[in-house]
Amino acid sequence: MEITIKESAMVRPAEDTPKRSLWNSNLDIVMIRYHIPTVYYYKPNGSSDFFDTGRLKEALSKILVPFYPVAGRLGYDENGRLEIICNGEGVLFVEAETTSVMEHLIGYFTENSQVLRLVPKVDYSGGISSYPLIVLQVTKFKCGGVCLGVGIQHTLGDGAAALHFINSWADTSRGLTPAIAPFIDRTLLRARDPPMPKLHHVEYDPSPALKSASKSQSDDHKPSIVSTFELTADQLNTLKAKANVANANGGIKYSSFNILAAHIWRCVSKARGLSADQDTKLLDPPLPPGYFGNVIFTTALIAQAGDLETESFTDTIKRIHEQLNQINDENLRSAIDYIEKVPDLNTLVRGPHTFRCPNLVVVPWIWLPIYEADFGWGRPIYMGPGNVAQEGKIYILPSPTNDGSLTLAARLEIPHMKSITRLQGIWLPIFDADLGWGRPINMGPEKIVYEGKIYIIPSPINDGSLLLEIRLETFTSNYMRNFLGILTIISYCSDWSRVD
């Protein structure tokens, strides 16, 4: 993909803003210290001023006044603690164009994907005070579509804070006053004096290392790959039915996240081929709104891979449900105090070592308003991460059409990803919904709405065969015969382990 940079400018607040140092909470300091890339895609609406960059920059300059820390830079106080220096130096705004087609990039996370070129690359070589905390790029495609690429330094805020800023910028572009003003003071999350942690917070312990007895022989960094998995509303309901049937006498209705996180944890542990006594940690970061900063309280569960493989699906859900139920104000205050007592907070900073095999982090964006960024030309047709940087990280993304479907974007080691895509029935136990009178004899989508979509459905008798349900444009008879011939060849290949 060839991208031409038309203009690059630093946009500063439209008015004078407070010049001060902003104290960071412990939760800000332990965050990953680089820019998190996200991309928004917009279809043209026929307007002559579609995504006018002058209008966008004017609105950006205005919204930087109440969100003044965004225009600052990182620094250190006299004690060496990371802080935000509010100096109004501004954010980077890049205008670009490309001859590529937007549809070719939407939702792609592969290694050769060009998506990251839609977000400005940050040069970290000059030190933490040298780069803007937010970088933005508007790329116009030959088809008329536009991508807004965003990179937000994680110390500045979490996903909810980032969306608060972007959506407020969008409201300002439309001539509206943002509904919620940012609350800048981070001392709300200051540790108690003296710190009084009531619990041992395993979520801040070093993640379990890979045991040599497993199929992988070391915990050294290994090549990984990103894949996406689509879950329709029907498929998600199947998982829910399985969980609720198994728990019919338990009286607990599990949330969609509990069910899906349990399913992912079990599947990934099995695909990794971990030894039965291998400890594996699941990290869950919820993102509550209403505060400009990081309010990600990490919850961690540790279980042996053998237990995850042998216990029931419902038992795994219970692990997650019970852990999340322990989260309350005292637990969260205890976590802040626990971090306060760590001599060197740099040892707690999240990174690749936190998530990689045999561990896993599930990042749910399903409650975030990721499709609300309407700058005056309509909502985005897609929004998601620019990439999945760390092995062992999985994003859960909602559908832009609000049809109840979900997308999982996951990075795993290459052999583990191949395993998870080949294991029969591991991703969706679609025939396990036994309500007391036997398993279903068939289950599948009611219809295929979109042309070009193909469902691969396992056999209900688990004989290794697969059913392909396809929706395509109307072919001439010759083209259809050729297509059916290809399917016939595929159907004869029963050894799926040979298919890459």
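The values are calculated or read from the model by the stated rules, or taken from the named source; none is laboratory data. The structure presented is a predicted model; accordingly, all values stated were derived computationally and were not measured. No Cβ is skipped: glycine too gets one built from the backbone with ideal geometry, and neighbour counts run over all protein chains shown.
Apart from one condition, Tyr291 fits all of (1) at pLDDT below 80; (2) in a helix (DSSP H, G or I); (3) of a type in the set (Phe, Trp, Tyr); the exception is (2). The combined condition, being part of a loop (DSSP other than H, G, I, E, B), of a type in the set (D, E, K, R), over 23 Å from Leu324 (Cβ atoms) and at pLDDT below 80, is not fulfilled by Asp193.
Here the stretch 56-80 is the region considered, the condition is being of a type in the set (Phe, Trp, Tyr) and out of contact with any Cys (no Cβ under 9 Å at 6 or more places or on another chain), and the residue that is farthest from Lys140 (Cα to Cα) is Tyr76.
Picking from residues in the stretch 378-404 that are of a type in the set (Ser, Thr, Tyr) and not in a strand (DSSP E or B), the one that is farthest from Asp234 (Cα to Cα) is Thr401. Of the candidates Gly107, Gly127, Gly90, Gly144, the single residue that is at positive phi and within 18 Å of the chain's Cα centre (by Cα) is Gly107. Only a single item in (1) touching a Leu at 6+ places or on another chain (Cβ under 9 Å); (2) closer than 26 Å to Val30 by Cβ is not met by Thr98, and it is number (2). Scanning the stretch 326-341 for residues being part of a loop (DSSP other than H, G, I, E, B) and of a type in the set (A, V, I, L, M) gives a total of 1. When residues in the stretch 397-417 are screened for being under 9 Å from the mean Cα position of the chain (by Cα) and either modelled with pLDDT under 85 or surrounded by fewer than 21 Cβ atoms within 10 Å (Cβ to Cβ) (or both), 1 of them pass.
Taking into account only those residues within the stretch 4-39 that are within 30 Å of the chain's Cα centre (by Cα), among the polar types (S, T, N, Q) and not in a strand (DSSP E or B), which is modelled with the highest pLDDT? Filtering the stretch 4-39 for residues that are within 30 Å of the chain's Cα centre (by Cα), among the polar types (S, T, N, Q) and not in a strand (DSSP E or B), the one modelled with the highest pLDDT comes out as Asn24.
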